[in-house]
Structure formats: structure tokens, C-alpha cells
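The next block holds one structure in the form of C-alpha cells; read it before the comments.
All of the numbers you see were taken from the coordinates with simple rules; none came from a lab. Note that the structure is a prediction, hence the values are computed from the model and not measured. Cβ placement follows ideal geometry from the backbone for every residue including glycine, while neighbour counts extend to all protein chains displayed.
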């Protein structure tokens with residue numbers, strides 16, 4: 001799987017753009033996204049898909065010096081999970 005996670009400051013908080021692409025014969029059945037340990041979404045894909053993209057707007061807040069983390073876990077049709085994360089500091 002190929003993950004792409006971008007986070008940019010929004011009017012309030014952050015705009016988080018998540019994209020997951022399957023490779024080879026893989027297909028994606030579930031994508032879970034969290035920010036700072038709190039769930040943003042658990043998207044079940046039925047039927048399974050080869051690409052997933054979702055944008056979250058106005059997530060969280062901005063506090064200088066604070067560490068932030070977005071974590072994305074994708075599950076394949078074979079039941080394998082792969083996880084990617086993005087970390088940054090305000």
C-alpha cells in the first residue's frame with residue numbers, strides 16, 4: 001500500500017488529507033484514521049476498492065510547540081493491516 005498524508009493549517013485547526021492506494025492485487029476493505037489518538041473515521045469499503053481518499057476539515061487546534069500525530073491504518077481484503085503516520089510540531 002502507498003499512503004499519503006498531508007496536514008495544513010485550516011481556518012480553525014488543520015485540514016488533513018488522507019490517501020491510500022493498493023498495490024498489485026491488493027484491495028482495501030477498511031481505513032481507520034485518528035488524530036492525537038482520537039478516531040476521525042472508520043470507513044468500511046464495500047465492495048473493496050483500490051484507492052481511498054478523504055479530507056477532514058477543521059481538526060484539532062493550534063498550540064505552538066505541541067507535537068501532533070495523524071495515524072492511518074488500512075486493512076486489505078486478505079485481512080492484513082498496514083499503518084502509516086505523520087508527525088509534526090505546531
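Numbers below:
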item	result
Ordering of 30-38, 69-77, 2-10 by burial proxy (mean other Cβ atoms within 10 Å per residue, highest first)	69-77, 30-38, 2-10
Length released on extending from residue 25 to residue 39, taking residue separation times 0.36 nm less the Cα-Cα span	2.2 nm
Alpha carbon centroid spacing (whole Å) that separates the stretch 29-46 from the stretch 1-16	14 Å
Contact order relative to length of the chain, as percent, for alpha carbon pairs under 8 angstrom and 6 or more apart	31 percent
Compactness index (Cα Rg / 2.2 N^0.38 Å), the stretch 1-40	1.40
Descending semi-axes in Å of the stretch 2-89, equivalent ellipsoid built from Cα gyration tensor	26, 12, 10
Point-to-point label distance, residue 88-residue 62, nm (Cα→Cβ direction, 7 Å offset)	1.1 nm
